[in-house]
Amino acid sequence: MDASQGVRHGLRDGSRERRGQRRLTLAIGLAVLAVSLVATLSHATERRTGTNGLPARVLFGIAPGRATICQQGERIPSGTAAIRISLLVSSQTTPRLAVELSRGDVVRATGAAGARWDRASATWYSGSAVRIPLAPTLRGDVVGDICIRLLAGRSEQYGLLGIPTALGEGATEDGRSLAGRLHVEYLAAGDHSWWSFAPTLVGRIGRGHAWSGPSVGLLVALLMLTPIALGAWQLSRNDS
Amino acid sequence: MAAQSQRQLNRPLAGAAKPQSAGALAQLRGLLARVPRAAWVCALVGVLNATAWAIVVPAFQVPDEQSHYAYTEYLVQHGRPPAAGAVDVLSSSENAALAGLKFREMQFSPENGAIWSASEQTHMTDLLKQAADRSDGNGAAREVGGEPPLFYALQAIPYNLAEGGSALDRLQLMRLLSALLAGVTVLFVYLFVREALPAIPETWAVGALGVAFLPSFDFISGGVNSDALLFAASAALFYLLARGFQRGLTDRLAVAIGTAAAVGLMTKFNAIGLMPGVAIALLTMSVGRERGLRPRTLALPALALAVAVAPILLEVALNITVWDRPAFGATASNYRASALHPPLGETLSYLWQFYLVPLPGTTHYLTPLPFHDLWVRGFVGWFGWLDGAFRPRVYVLAVVPLAALALLAGRTLVAQRRRLRARIGELLSYAALVVGLMAFIALASYISYLRYGGSIAQVRYLFPLLPLYGALLALAARGAGRRWAPVLGASIVVLAIAHGLFSQLLVLARYYA
């Protein structure tokens with residue numbers, strides 16, 4: 001073996017060693033990433049069945065501590081077991097209120113006990129969000145009315161967050177028309193991991209696109225994972 | 001391997017000495033054949049990532065997408081670009097699509113998701129099917145009406161391809177074109193890093209993949225936004241300049257640099273911010289070539305600038321004679337400086353704090369800590385209409401890896417300071433490109449502040465500098481020395497992958513959960 005062959009062998013060995021290091025690092029890194037991903041997706045948290053589509057952008061009214069706020073023509077999705085509304089509040093004491101979902105004269109669900117402030121869900125412009133569990137869980141979509149009975153002391157006040165509307169199209173306070181509608185979120189019963197939520201998620205991703213169906217969700221998954229595989233493959237292959 | 005890389009580098013890419021008789025197509029094929037496979041793979045990663053974002057993000061939820069779509073629609077329907085105006089009027093067809101897609105309910109409203117229910121889908125489909133006028137808008141005259149037409153002329157191709165479909169079909173095809181441009185950007189980032197850092201071939205892919213997985217870049221490139229073409233033009237410009245510094249400025253390279261600059265200038269006003277740096281770079285290269293400043297020294301820079309300016313002059317001529325627009329669109333845009341006479345001190349104060357932090361005793365125009373609140377936050381991820389964000393602690397924790405990358409890159413530069421001294425002209429040219437663009441964006445924001453009280457601080461406006469970010473990642477990979485470069489390089493790419501993946505999950509949760 002002459003000197004130049006020795007140098008070439010040395011370079012090749014060095015290159016092989018670097019490639020080995022890179023592959024090992026990639027393998028460990030991607031394994032850690034996969035574990036983090038599984039842990040994140042296994043984390044159970046509340047899931048929304050829907051919203052009424054109105055942004056919680058404007059303070060359109062101030063309700064006294066004792067009043068009944070009603071909103072007609074709400075589309076409440078099947079599986080709803082709680083609702084969440086955004087309010088500005090004068091104190092953070094346990095909220096005292098009751099909710100009634102009705103269609104015509106038929107009460108479909110009610111809730112009072114267990115209402116709690118939900119600071120994690122409060123948006124930056126809303127002071128607080130309040131979550132109120134309902135019973136029973138709705139078994140089908142309901143187009144009906146939501147009435148929230150505020151049962152706090154007379155000294156308390158609630159700021160109503162939603163969007164402004166023309167009088168007659170908005171919510172009512174003790175039968176009197178308000179110039180806006182509340183933002184309302186509808187929540188499923190209990191907490192769910194992303195895994196159990198995946199079929200719902202795939203169904204939702206399949207809507208609102210140029211084509212629809214579960215193929216949209218599958219394509220998204222493929223497009224998220226293929227570049228990772230390609231990038232890792234390229235990096236593990238050679239030095240340039 | 002290093003010797004092989006050097007041989008690869010010595011093979012001409014632009015300005016190749018081909019026989020004059022060879023056809024342009026054959027020359028192009030020859031050029032493309034010399035692009036390394038690694039660059040193509042990185043580009044493909046960029047295209048696929050941007051395509052994923054193009055599907056994940058609901059229609060019109062990329063900033064200003066409705067305006068860019070409106071401009072394209074106007075161009076197709078009227079055969080000419082729109083003129084700047086006081087208000088945006090969208091076409092009936094686009095308005096129906098926006099209503100069906102819950103655009104206004106979702107915009108700036110993280111509490112509202114995309115279309116979830118069958119009834120919403122039916123409502124959307126009904127609205128999209130309605131026959132609606134596509135020519136009664138003004139092309140988003142206020143938002144983008146004064147901008148140059150190149151990006152929109154390109155987007156007219158997918159718009160026309162989906163002629164028989166709905167607005168949603170057209171938008172989706174237009175998004176795919178933007179995703180292809182993301183691939184072009186990544187390709188040129190790879191080539192730039194290869195050209196600028198020829199001694200560390202093992203890090204070229206690290207720089208390019210770091211850009212390809214950058215979620216803010218993929219998010220913008222997954223939407224219909226003229227920034228996508230500006231990123232690509234700027235990346236090409238950086239590559240060509242680096243090539244000029246490495247191998248010398250030739251006639252062909254000067255023309256290529258001028259062409260890349262022209263594409264940028266015909267895409268978005270922001271490209272103006274790069275021009276001082278381009279001029280300095282050309283002059284520096286030319287002085288090096290002629291070994292001094294003589295009249296002949298200016299010949300190639302003048303050639304490049306002439307090529308860059310020629311399409312602008314053509315546009316000005318068309319604006320005046322055919323299109324009935326102001327000669328220079330910028331003079332009628334939101335960022336026109338006419339009738340504004342701010343004191344110099346206040347202007348400088350704004351420029352300083354736009355990127356860093358307000359100095360004591362100065363007026364506070366933005367947030368308490370703009371560097372972190374606007375730029376770090378934007379870089380880490382601020383999606384949709386700035387309504388898709390991580391939890392606050394993520395932005396605090398993100399400072400750690402970002403600072404580590406900066407320190408590692410700095411360490412490499414210090415270790416290589418002797419080599420750097422020999423390339424000081426090149427480094428100063430890149431610095432001029434950075435300063436020029438940053439100053440332009442900050443001034444535009446200051447005009448916006450004086451005129452409307454708003455700020456335009458968004459990290460995407462700095463993405464024409466992505467090639468330098470790619471180079472920073474490549475330098476960081478060598479920050480702990482040659483021995484650790486493979487480990488560091490792979491770690492940086494894994495970090496970039498994680499960043500991209502969790503950002504996509506965040507956006508999925510924002511719109512669909």
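Since every read-out is calculated from the coordinates, none of them should be taken as a lab result. Everything numeric here is computed off the predicted structure, so don't read it as measured data. When we count neighbours, we look across all protein chains shown, and the Cβ atoms used for this are built from the backbone with ideal geometry, even at glycine.
How far apart, in nanometres, would the label points at A:LEU151 and B:VAL435 be if each is projected 7 angstrom from Cα along the Cα-to-Cβ direction?
Taking the two extended label points, one gets 6.9 nm.
Just to compare against my own numbers: the Cα pair-distance distribution for the stretch A:47-191, 10 Å bins, whole % per bin, please.
Going from the shortest bin to the longest, the percentages are 13, 47, 36, 4.
Roughly how crowded by other chains is peptide A:204-217, in terms of the mean Cβ count from those chains within 10 Å of each of its Cβ atoms? Walk me through the numbers before you get to the answer.
Details: counts 10, 9, 3, 12, 15, 13, 14, 3, 4, 0, 0, 0, 2, 3.
Average per residue, whole number: 6.
Which value at 222 nm does chain A reach when only helices count, each DSSP H run of 4 or more adding -39,500 (n - 2.57), with the total divided by all residues and rounded to the nearest 500 deg cm²/dmol?
Here the helix-only value at 222 nm equals -11000 deg cm²/dmol.
Seen from all sides and averaged, what is the projected area of the convex hull of the Cα atoms in the protein assembly as shown, in nm²?
Answer in nm², one decimal: 37.8.
Would you mind working out the magnitude of the charge dipole of chain B relative to its Cα centre, with +1 at each Lys and Arg C-beta and -1 at each Asp and Glu C-beta, to the nearest 20 Debye?
Around 2740 debye, computed over chain B.
Can you list residues whose amide H is under 5 Å from A:VAL184's amide H, if they're 5+ apart or on another chain and H is modeled 1.01 Å from N?
The answer is A:ASN52, A:GLY53, A:LEU54.
Please identify the chymotrypsin sites (Phe, Trp or Tyr not before Pro) of the stretch A:163-240 that satisfy two criteria: DSSP loop assignment and at most 13 other Cβ atoms within 10 Å. Which are they?
Values: sites: A:TYR186, A:TRP194, A:TRP195, A:PHE197, A:TRP211, A:TRP233; in loops: A:TRP211.
Those satisfying the criteria are A:TRP211.
Counting other Cβ atoms within 10 Å of each Cβ, which trypsin sites (Lys or Arg not before Pro) in the stretch B:249-315 have at most 15 and sit in a DSSP loop?
B:ARG291
Averaged across the residues of A:20-28, what count of C-beta atoms belonging to other chains lies within 10 Å of each residue's C-beta? Each step should come with its number before you reach the end.
Details: counts 1, 8, 10, 2, 3, 10, 8, 2, 4.
So the per-residue partner count for this stretch is 5.
Most fluctuating residue of A:GLY144, A:GLY203, A:GLY65 in a GNM of chain A with Cα springs under 10 Å: which is it?
Of A:GLY144, A:GLY203, A:GLY65, the most mobile in the Gaussian network model is A:GLY203.
What is the calculated FRET efficiency for B:ARG37 to A:THR165, with r their C-beta to C-beta distance and R₀ = 60 Å, to the nearest 0.05?
Efficiency computed from Cβ-Cβ geometry: 0.50.
Which one, B:SER67, B:LEU171, A:SER15, projects farthest toward the positive side of the charge dipole computed for the protein assembly as shown from Cβ point charges (K/R +1, D/E -1)?
It is A:SER15.
What FRET efficiency do you get for A:SER36 and B:VAL357 if R0 is 30 Å and r is their Cβ-Cβ distance, rounded to the nearest 0.05?
So the FRET efficiency works out to roughly 0.35.
What full-extension length gain, to one decimal in nm, is calculated for B:ALA26 and B:ALA99 as 0.36 nm per residue of separation minus the Cα-Cα distance?
Extra length available between B:ALA26 and B:ALA99 comes to 21.4 nm.
If you line up the long axis of helix A:214-237 against the longest principal axis of chain A, both from Cα atoms, how many degrees apart are they, to the nearest 10?
Computed tilt is about 30 degrees.
So for the pair B:VAL399, A:LEU222, with labels modelled 7 Å out along Cα→Cβ, what separation do we get in nm?
So the label points at B:VAL399 and A:LEU222 sit 4.3 nm apart.
Only Lys, Arg, Asp and Glu count, each charged at its Cβ (+1, +1, -1, -1), so figure out the dipole size of the stretch A:47-191 about its Cα centre, rounded to 20 debye.
On the way: 17 positive and 12 negative charges, 56 e Å.
Result for the stretch A:47-191 is approximately 260 debye, rounded to the nearest 20.
Calculate how large, on average over all directions, the projected area of the Cα convex hull of chain B is; give the answer in nm² to one decimal.
Taking the Cα atoms of chain B, their convex hull projects to 25.8 nm² on average.
Apply the membrane-span-like helix rule to chain B: whole DSSP H runs, Cα extent along the own long axis of at least 27 Å, mean Kyte-Doolittle hydropathy at least 0.5. List the helices found.
Span-like helices, by this rule, are B:37-56, B:167-196, B:227-247, B:299-321, B:424-452, B:485-512.
For helix A:194-205, what angle does its Cα long axis make with the longest principal axis of chain A, in degrees from 0 to 90 and rounded to 10?
80
Grab the eigenvalues of the alpha-carbon gyration tensor for the stretch B:76-139, scale each by 5, take roots, and send me the semi-axes largest first in whole angstrom.
For the stretch B:76-139, the semi-axes come out at 26, 16, 7 Å.
How large is the dipole of the stretch B:60-147 about the Cα centre if only Lys and Arg carry +1 and Asp and Glu carry -1, each at its Cβ, rounded to the nearest 20 debye?
Here the size comes out at about 160 debye.
With angles folded into 0 to 90 degrees, how steeply does helix A:3-42 sit against the dominant principal axis of chain A? Use alpha carbons for both and round to 10.
Helix A:3-42 sits at roughly 20 degrees to that axis.
Have a look at A:GLY180, A:GLY53, A:GLY213 and tell me which one the Gaussian network model of chain A (Cα, springs below 10 Å) gives the largest fluctuation.
Comparing A:GLY180, A:GLY53, A:GLY213 in a Gaussian network model of chain A, the most mobile one is A:GLY213.
Which of A:LEU219, A:LEU41, A:LEU187 moves the most in a Gaussian network model of chain A with Cα springs under 10 Å?
Among A:LEU219, A:LEU41, A:LEU187, the largest mean-square fluctuation in the Gaussian network model of chain A belongs to A:LEU219.
For the pair A:SER78/B:ILE312, report the inter-label distance in nm, with labels modelled 7 Å from Cα in the Cβ direction.
Those two pseudo-labels are separated by 6.1 nm.
Mind listing the long-range amide H neighbours of A:GLU46? Cut-off is under 5 Å, sequence gap 5 or more, other chains count too, H placed in the peptide plane at 1.01 Å from N.
Those lying under 5 Å, H to H, from A:GLU46 are A:HIS192.
In chain A, which longest range has no trypsin sites (Lys or Arg not before Pro) that are both DSSP loop (not H, G, I, E or B) and surrounded by at most 11 other Cβ atoms within 10 Å?
Counting only loop sites that pass the neighbour cut-off, the longest clear stretch is A:1-138.
Provide the net charge surrounding B:SER92, with neighbours chosen by a C-beta distance below 13 Å and charges set as Lys +1, Arg +1, Asp -1, Glu -1.
-3
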